[in-house]
Each structure stands twice: as structure tokens, then as C-alpha cells.
1. May I ask you to list the residues of region B:146-190 whose amide nitrogen lies under 12 Å from a point 7 Å from Cα along the Cα→beta-carbon direction of residue B:236?
2. Pick out which of A:208, A:140, A:64 has the largest mean-square fluctuation in a Gaussian network model of chain A, springs linking Cα atoms closer than 10 Å.
3. Is there a simple number for the mean count of other chain Cβ atoms within 10 Å of the Cβ of residues in B:395-403, and what is it?
4. How do A:231, B:183 line up, fewest other C-beta atoms within 10 Å first?
5. Could you give the angle, 0 to 90 degrees to the nearest 10, between helix B:179-191's Cα long axis and the longest principal axis of the Cα atoms of chain B?
6. Pull out a ≥ b ≥ c, the square roots of the eigenvalues of the alpha-carbon gyration tensor of the protein assembly as shown, then state rounded if a/c is under 1.5, prolate if not and a/b is larger than b/c, and oblate in the remaining case.
7. Does region B:317-424 come out rounded, prolate or oblate by the C-alpha gyration tensor, with a ≥ b ≥ c the root eigenvalues, rounded set by a/c under 1.5 and, if not, prolate when a/b is larger than b/c and oblate if not?
8. Can you tell me the orientation of helix B:338-348 relative to chain B, as the angle in degrees between its alpha-carbon axis and the longest Cα principal axis, to the nearest 10?
């Protein structure tokens, strides 16, 4: 083993550009953002004083911000539940064996190829809340199928409106979750299933006690991926409703404060979003790190 | 050998970082060319683009030596442009002139010392005489004027489908005297079978309707007092307006939150609603649907606001540190000149800020607007940035948007008071 600079120098040099760029553009900017959030920079004029956590206290006691958090919570719960349930069921059905599996796989995965903005524009029309004569989109379809009673105001509903916004997101991401689960199913060695069958396990018991437990790491990854996507949701909401009070989430609220030049407030919202995302992601990173060490 | 290699790699890494800093050197070259003017707008499509093109053609005629550089940023009704502009101003790299809504929306730039006082330009060009005194008063902040309006729009206009009203036995030519009288007509219209007598759209159109109701109840002086603190936001006039606004919402289409203004206006054009309160850019929507002013549709000042002109305007500024200041002033000269205003406003469908323009050059609706602009009391529009600084108007917008979902009058008044307290300090 050689010691000293000859040993660690070249690898360090190779990753140096990445470290420097990440250091400046990610961690440096996070630090700058937190710094702005502790000042009174509420307009284009430069900050004049340090206000500590005042901005955070103000924001967390503000009805409007709490409303945006509630919206985000409704969206997140529906989005996660929807993608996990559909993704899992589709993967399970494909795993049970169907004809033309490839076609189904692509059909389920295709929506993911569309950007949130593009699908948002279409869903803006599908989720139009007009009913009766002026109905369009889904309401029009219901009306013409004689299912007029199913018409509803979609995202115009005060509390559960965000669940309607989650629909396009579920439509887009379920296929991805399906792919993750399908990979999980395929990763389970055939021998395990055969052994279970030899022991007389029924098909349901085989899944319940052999297959599903082995899927939990996949499920956890899927959960982390969709939940951090849901925290960041911005483009979908902007293209369906624009930034209005009713469908406001922290990310769109941040945009509104930024464009009205309230830099301190928008930095505060950004920091809170970062903390929310870290709460989810850091335990996950620790967990995967540990389990990787164990398997080594 | 190995050492040399790592040395090269090290230099390469440092070089990569340094290139990030070196690209800002190119700007000096641009500044050395005096005969240029870089104008920043969000006029990148539609009638606005046509208007800007007409204005630059006029500029080329008046100042043939100066090259016009169009720095338009498209998208988001100006929000993309404003974000791009903020970062340029922050980096001390301002354009020679930028577009901004006239009035209070400029106050952030003024407070940050980013725009120059144009009062002497106004006297040099005689604009203090050419523009109506009311408008000058609205544009003046602490005795100084910071921008030159290129066009004027009116925000207190009610667009009326004459057919729908006639069917319900209402005379479309006669505007109701006040909001209460209007509510009676709305009820009549609804009883006659028009499901949604009043067409309404997304948050800012709700704010515009609310502002119309405020003007109707408070009058010009009382309404203007809202913005300097002389009228209280929990006064009876405001409370009455909130109550009337709430009743008006009851006559609106239920899907208003999701409609942009043109979709809302379309409801009136299609004859599914009788009224729509919208700025006078709606004129283009009616003419495009080949309807004729006076027969298929008509307009009046929103009930109760007769004799008041609720204005909004686009305007051009002179930023502090503009690289070509003389050329920028030449640009402002064209913008404010009678020819420049005519070229721009004919293309965009708005009216000139100058009172010496000849109405005969303009179409029917604009003629009525020009007449009122000359004679009426001018007040500033809230929904379009003339009345309040951006932060204040977004607070009001959110409160009004919330009211659209819960129609809780007390919480709207509380939110309006809180927003005013925050803004006026």
C-alpha cells in the first residue's frame, strides 16, 4: 500500500470538479438561501438587518402558509396512495403472467414520458369544473354517457380539490412504480417460490409470506421517490390552475413571493421545503447506507 | 510522468472554475457603441408584439441613427420578464429602458434606487401639459415621476350582451345607477332563465370586479384613500362592498376560478351570460367574434363608477446606470410623442395617454374611452399594479381568491386590513 499524496491525489483531482461545482451551486447556494431567510429583505432594497428566525415564526403562524401545507398534505397522501396501489397491482398482475406483457408494460409506462407541464395543459381541460351546458372535459364525458351525477367541480372543491390535482400525477407516475415493483418481483429467485410450493403453500400464502416481504426495500425506495416528487410539485399545479389561493402549495407560494420581490419570505419557504425533504430523505440514506454495509 | 499528469489535471480543474467567472467581460464592448438602445418588455406575441413593432418603426423614423435592440422576454403575462429583469438590475446590468405598469408597481424599483427621476424630461417634452392632470397626479411619487406611459387601459368597464338582456326585458343601453340596482337586474336575468348572469374568471379578474365594487361605493376620493391610509379597510363602505361583492359572486359561473379572462368574456359573447366586468382589452375579443359595438354588445362604466376612469397603463422607465442614457431618452421621446402613441395604441387597441390625440383616428369603443379619459376623474387600478405595490396586491389577490372558496366576509375584511397594515407599516 502506497501512502501519501500519490495514493489519494489523483482520485481527488478527478472528483474535484464535481466537488467544487456541487460545493458552489448546491451547498453554497443553500447557505446563501438560509442567510437571506434570516434577513429583512422583503423588497428589492438590500437587507438592512439580521432578524434571526422571525421570518420562520411569521410564516408558520400564517393562515395562508398553513393552508398551502394542508393542500400539500392532501396532495401527498392521495398521490402516494394512488401511485403505490396502482403501481403494485399492475406489477402483480404482470408478474402473474399475461399475454403481450411488453405491450402492457409500455402502455403503463408511457405517461411518464410526458412532462408535467404538457400533461397539465391537457388535464386543465379534462378537469374543467363547469357543469351542465357549458361542461367540458371529464364532466362532458360523464354527461354524454348519462352519468351526469358523477360531474363534480374537481379541484374547485375547497378541501379535497387537491386530490383532483393528484389524479394526473398518479396517472403519470404509477407506471414508474410498477416498473420498480416488477423489477422487485423478478429479483426474487424462482427457487424460493418452488421451495414454498414444495412445502404446500397456496398461491396466496406464497405471495403473502415469501414474495411480499422481499419487496419491502423496493417499496421503501418507491415511497421515498414519489414523496419527494410530491413535495416539489409545482409545474403540474402551475399548468392546471396557475398560482391561485385554492391550489396553493409551498412551492407555488414561494414563486408568488419571489415574483413580488419578497426575497426573505421566499427564501424562508424554500428552506422549510428543504427541511421537509430532508426529513424524508436523510433517514432513507442512512438506512440504505447501513444495509449496503451489511451486505458487503 | 505521473506527477506531470496530475499537475495537468489540477490545472484543468482550476481552469474549469475560472471560466465560470470570465464570461461577464463582454458587456463593455456593447456600452461603447452609443447608437443603441436596449428596450426590455414582455411584449412578445399577439397585439402587444404588433404594437411594439409599430412603435419601433416610428422610433426608426424619428431617430434613424439609433439601433433598436429588442430584449423582450415572453411568457407568464410578464412574470417571467419581471424575474429576468430583477436579476439584471441586481447584477447592475440594466437595460436602457424597461416596461413596467405605471403607478405603485414601480415603488419597489424606486425604493431600491433602480430607476431615475424623469420629472425634468416631462417638462422638457411638455408632457405635464399633454397628459391629463389626474394622470400626472397618479404617476407622481413624492413630487417625482419615474415612468412614461405608452398606453392607457380602462378597468371599470362592464361588457353587456344586448340580446340576453333584451330577452329578459332589461334595457341594455341604460346602465343601472349603482351596484344595488345592478343586483336587481342580475336577479331579474337569473329568474328569466339565464343560469349565470355574470361571467367571472380567475383570481385577478375577481380582484378587478371587487375593485370596481369598491370604487362604486367609496367614490374616487374614498377609493384612492385606501392606498394612502386615509380610508380605512374596515370602514362601512368597504364592508358594504364586500357584502355586495359576495352577492355578485352568487350570480357568477361556478367554475370561475379556472377560467382566464378571455374564457370568461367568451361566456358573454356566446350569450350564456349577460355581463362581464373586464378591462377594455376585451374589445378585441368581441371584434374577433365579429360582433358590432352597439348592436350585439355594448359597454358602460360599471354601475356606480360613472364619471370615474379606473386606469392602468404600461410605461417605460430610465434605469439608474442605463448604458446608453441619451438614446434611452430618445426612446422615451418617441414613446410619449403623439405619433408614437398613435402608432402603438392603434395596433394594441388601447388609448393614448395624451389628451391632444384625435379621436377620429380610433375605432368606436376607443373613442368613448378617450372621451371619458379626458373628462373623468382618474383612479388607479388595483388588479393591474397601478394602485398598490406588488407585495400588497398579491396579498389582496390571495385574500380575494380565498373568499371565492369560502365566502366568509369577516375573514376577507380581516385579511384586507392585515394586508394594508403590513404594506403601510
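Bear in mind these aren't lab numbers, they're just calculated from the coordinates by the rules spelled out. Please read all numbers here as calculations on a predicted model, not as lab measurements. No Cβ is skipped: glycine too gets one built from the backbone with ideal geometry, and neighbour counts run over all protein chains shown.
1. Zone members listed by number: none at all.
2. A:208
3. Counting other chains' Cβ atoms within 10 Å and averaging over B:395-403 gives 4.
4. Ranking A:231, B:183 by Cβ neighbours within 10 Å, fewest first, gives B:183, A:231.
5. 70 degrees
6. Numbers: a/c = 2.20, a/b = 1.36, b/c = 1.62.
Cα axes put the protein assembly as shown in the oblate bin.
7. Numbers: a/c = 3.22, a/b = 1.61, b/c = 2.00.
Oblate is the answer for region B:317-424, as a/c is 1.5 or above yet b/c matches or exceeds a/b.
8. 70 degrees
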